[in-house]
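The values are calculated or read from the model by the stated rules, or taken from the named source; none is laboratory data. Remember, it's a predicted structure, so these values are computed and weren't measured experimentally. All Cβ positions, even for glycine, are placed from backbone atoms using ideal geometry, and neighbour counts span all protein chains on display. These accessible areas exclude ligands, DNA and RNA; they are computed on the full protein's heavy atoms, side chains included. Shrake-Rupley method; radii C 1.70, N 1.55, O 1.52, S 1.80 Å.
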Amino acid sequence: SQQGEEDPQALSIQEGENATMNCSYKTSINNLQWYRQNSGRGLVHLILIRSNEREKHSGRLRVTLDTSKKSSSLLITASRAADTASYFCATDHQGAQKLVFGQGTRLTINP
Amino acid sequence: NAGVTQTPKFQVLKTGQSMTLQCAQDMNHNSMYWYRQDPGMGLRLIYYSASEGTTDKGEVPNGYNVSRLNKREFSLRLESAAPSQTSVYFCASSREGGATGELFFGEGSRLTVL
């Protein structure tokens, strides 16, 4: 079964607006990662946040992690058409050797 | 730098046929993974190899076998393909053993089983 669940499943916004995607997970984790997938391509790593971190930034991306609620959010500020893609969170189980991915959020940026 | 290379990119099989998906990485990574991606299901782990010489089952291993041929190469074999194995298959690698680091993905192999 999936460890991470993204919400919403699909999101459509205007260029320039901010996009927020959420991820919830079920068990304790060591880290949580976010990936982007453009249509027909492989996944690309965006950011990793460890369980002892609460917030992390990378360019226009901001990720938060709330381990008490077992949830994370990905914020993309000042969205661009090139941000149109599917976004996935991935989590590990403590001590496990593999990442488990959620079902993804499909983000569409309208010009 | 090629990163993670998968072959073939597209394949059509008939039920019962066999085939091997090839994956190679040139980043000297320790761990390698095979995932499948189906609409609405996200990515599901089939098999992984935490280091050269080891392989372990993931979430959906039935109907598949793997071989970690050397540190660079990790192949996925379908012995008797079934329509339920129609999917997009992704190979990935990571430097660290375990799930502590970034995964690098190939571009995918699109398999259709008729």
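Below, the figures for the structure above:
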quantity: Cβ charges +1 (Lys, Arg) and -1 (Asp, Glu), total dipole of chain B, debye; calculated: 260 debye
quantity: Extreme residue, positive dipole direction of the protein assembly as shown, given options B:108, A:108, A:72 (C-beta unit charges); calculated: B:108
quantity: Carbon and sulfur %, accessible surface of the stretch A:5-110 computed with the full protein complex present, 1.4 Å; calculated: 42 percent
quantity: Listed residues B:29, A:45, A:57 arranged by accessible area, highest first, probe 1.4 Å; calculated: A:57, A:45, B:29
quantity: Cα-based Rg of chain B normalised by 2.2 N^0.38 Å, two decimals; calculated: 0.99
quantity: Ranked order, B:38, B:26 - accessible area, probe 1.4 Å, largest first; calculated: B:26, B:38
quantity: Neighbour-limited loop hits for trypsin sites (Lys or Arg not before Pro), the stretch B:1-81 (at most 14 other Cβ within 10 Å; DSSP other than H, G, I, E, B); calculated: B:9, B:14
quantity: Whole-number percent relative contact order across the stretch A:5-110, with pairs defined as alpha carbons under 8 Å at least 6 apart; calculated: 38 percent
quantity: Accessible surface buried once B binds A (1.4 Å probe; total of both sides; Å²); calculated: 1800 Å²
quantity: Rounded to 5, the percent of DSSP beta bridges in the stretch A:5-110 classed as antiparallel; calculated: 90 percent
quantity: Simple label model, 7 Å out from Cα along Cβ direction - residue B:27 to residue B:77, nm; calculated: 2.7 nm
quantity: Protein-only accessible surface order, largest first, of B:88, B:113 at 1.4 Å; calculated: B:88, B:113
quantity: Threshold 10 Å² - residues in the stretch B:81-114 whose accessible area is reduced by that much or more when the chain is no longer isolated, probe 1.4 Å; calculated: B:90, B:98, B:99, B:100, B:101, B:102, B:103, B:105, B:107, B:110
quantity: Most fluctuating residue given options A:36, A:80, A:60, as computed from a GNM of chain A linking Cα atoms under 10 Å; calculated: A:60
quantity: Distribution of pairwise C-alpha distances over the stretch A:5-110, 10 Å bins, in %; calculated: 16, 51, 29, 5, 0
quantity: Over the protein assembly as shown: Rg over Rh, Cα atoms, Kirkwood Rh; calculated: 0.97
